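The values are calculated or read from the model by the stated rules, or taken from the named source; none is laboratory data. Keep in mind it's a predicted model, so treat the numbers as computed, not measured. For neighbour counting, all protein chains shown are included, and Cβ atoms are generated from backbone atoms with ideal geometry for every residue, glycine included. Areas reflect the complete protein model, heavy atoms only, side chains present, ligands, DNA and RNA absent. Shrake-Rupley method; radii C 1.70, N 1.55, O 1.52, S 1.80 Å.
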Amino acid sequence: DSLSTAILYKKFYSVDEAQVFLSEEGIHFKNPHFMNANYFYYFPDTSFYVFYESDQTGTNRIYYRIYNRSEGFADPQELTASGAAQTRMLCNNEGLVVWMEQNRVMMSMQNHNTLAFEYPVMLDSGNCSFPSITQIDSDWSQGMLVTAWIKEGSDSSRILLRRYNQE
């Protein structure tokens, strides 16, 4: 329906019906992404995160919910305190989240000691689109997380790449 949307989930190998994960009349929930919690040794109760975009405050923002084995899903949390619209969010299992905000490419990294997401960093200041991130194995590119996006110039477009160490 044009006034609202929902995000559903289903056990992959189950014949059970899909269940409602997020739904509220008049609210749009979209672009869901899944992130494993890879720090089981330090945080054994945290299993995974579900990220999504929603206009529940009137502006499209990025939210996430943590799934704990003992308590189930925690309440939704906003990824950042920015009041600007956030779109085209992507995340990977190494704790990297990227998105578009006012034609800028933004990112936040998960702090592996606290599981909190760090203050957002602007990767490029404007004329950008289509951010992308790698889903990497631990030995790929010496563990450097790579982000890519399209940068529009005055006479051409380029694809830019940045590793987590800012190269």
Exercise. Mind checking which residues of region 94-116 are in contact with a strand residue (DSSP E or B) (Cβ under 9 Å, 6 or more places away or on another chain), over 23 Å from residue 150 (Cα atoms) and either among the polar types (S, T, N, Q) or open to solvent by 30 Å² or more (accessible area, probe 1.4 Å) (or both)?
Worked result: 110, 111, 116
For this session: Keeping to region 1-33, report how many residues are hydrophobic (A, V, I, L, M, F, W, C) and open to solvent by 90 Å² or more (accessible area, probe 1.4 Å).
Result: 5
Exercise. What tally of residues in region 8-38 results from selecting those that are in contact (Cβ under 8 Å) with a residue 40 or more places away in the chain and over 17 Å from residue 67 (Cα atoms)?
Worked result: 1
For this session: With the condition kept exactly as written, say whether any residue in region 45-55 is on the phi < 0 side of the Ramachandran plot and assigned to a loop (DSSP other than H, G, I, E, B).
Result: yes
Exercise. Can you tell me which residue in region 59-87 is most open to solvent (accessible area, probe 1.4 Å), limited to those that are farther than 20 Å from residue 108 by Cα and among the polar types (S, T, N, Q)?
Worked result: 70
Exercise. Does residue 54 satisfy being under 13 Å from the mean Cα position of the chain (by Cα), at pLDDT 90 or above and of a type in the set (S, T, N, Q)?
Worked result: yes
